[in-house]
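In what follows, a structure is listed as structure tokens, so that the remarks can point back to it.
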Amino acid sequence: MKYYAVIDTNVLVSAMIKWQSVPGSVLEFALSGMIVPLLNTAIVDEYREVLARPKFGLTEDIIADIIASLEKSGFYVDAEETEIDLPDPKDRIFYEVVMEERKEENAYLVTGNIKHFPNEPFIVTPRQMLDIILEDTNF
């Protein structure tokens, strides 16, 4: 079974900082094909910008490799703009992409900042995403 998910930048950063973590497991599922990452040019640009911050200590090669891997296992979604008011306007694209994909597939938005988004069952924490996968696959 495949799961379609927009992975918020904070989950990606957490995974890159500490691979042996719940966000790391989510990213591992995304890279293995269990989770199909839903991407958009603005999302990938944000990934690049945030991962390149000196405080994370990631090299350009590591950043390029992780983004290339996500692009290889995921696909781009052109999303319609919404009028939703979120605490951080940069989060709107993540919401728009998941809403666009939900028109055709059961998709999730995986975020560590759950309170930045509407209270919807498809907006989940990394732990909740893992629980969904583990429950469905009987790991």
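The values are calculated or read from the model by the stated rules, or taken from the named source; none is laboratory data. Keep in mind it's a predicted model, so treat the numbers as computed, not measured. Cβ atoms come from the backbone with ideal geometry, glycine included; neighbour counts cover every protein chain shown.
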Inset, instruction - Return the total of residues in region 60-91 being polar (S, T, N, Q) and touching a Leu at 6+ places or on another chain (Cβ under 9 Å). - result: 2
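Rundown of residues vs (1) touching a residue at least 12 places away in the same chain (Cβ under 8 Å); (2) outside any strand (DSSP E or B), yes/no style:
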{"residue": "78", "(1), (2)": "yes, yes"}
{"residue": "84", "(1), (2)": "yes, yes"}
{"residue": "87", "(1), (2)": "yes, yes"}
{"residue": "92", "(1), (2)": "no, yes"}
{"residue": "103", "(1), (2)": "no, yes"}
{"residue": "109", "(1), (2)": "yes, no"}
{"residue": "112", "(1), (2)": "yes, yes"}
Inset, instruction - Please specify each residue of region 120-139 satisfying the condition of being at pLDDT 95 or above and in a loop (DSSP other than H, G, I, E, B). - result: 120, 121, 122, 125
Inset, instruction - For region 56-69, state whether one or more residues are under 20 Å from residue 125 (Cα atoms), buried (at least 18 other Cβ atoms within 10 Å of the Cβ) and out of contact with any Gly (no Cβ under 8 Å at 6 or more places or on another chain). - result: no
Legend entry - Among the candidates 42, 5, residue that is out of contact with any His (no Cβ under 8 Å at 6 or more places or on another chain) and either in a strand (DSSP E or B) or within 16 Å of residue 113 (Cβ to Cβ) (or both): 5
Legend entry - Flag if residue 125 is of a type outside the set (A, V, I, L, M, F, W, C), more than 24 Å from residue 1 (Cβ to Cβ) and in contact with a strand residue (DSSP E or B) (Cβ under 8 Å, 6 or more places away or on another chain): no
Inset, instruction - Within region 36-54, identify whether any single residue is at pLDDT below 95, of a type outside the set (A, V, I, L, M) and either out of contact with any helix residue (DSSP H, G or I) (no Cβ under 9 Å at 6 or more places or on another chain) or surrounded by 20 or more Cβ atoms within 10 Å (Cβ to Cβ) (or both), and answer yes or no. - result: no
Legend entry - Residue tally, condition surrounded by fewer than 19 Cβ atoms within 10 Å (Cβ to Cβ) and aliphatic (A, V, I, L, M), over region 1-12: 1
Inset, instruction - Identify all residues within region 94-123 that are surrounded by fewer than 20 Cβ atoms within 10 Å (Cβ to Cβ) and aliphatic (A, V, I, L, M); write none if there are none. - result: 99, 114
Inset, instruction - Please enumerate the residues belonging to region 55-111 that are closer than 14 Å to residue 3 by Cα, among the β-branched types (Val, Ile, Thr) and touching a helix residue (DSSP H, G or I) at 6+ places or on another chain (Cβ under 6 Å). - result: 110
Legend entry - Search result, residues across region 70-82 that are touching a Lys or Arg at 6+ places or on another chain (Cβ under 9 Å) and surrounded by 12 or more Cβ atoms within 10 Å (Cβ to Cβ): 82
Legend entry - Selection count where residues are in a helix (DSSP H, G or I) and surrounded by fewer than 23 Cβ atoms within 10 Å (Cβ to Cβ), scope region 16-28: 6
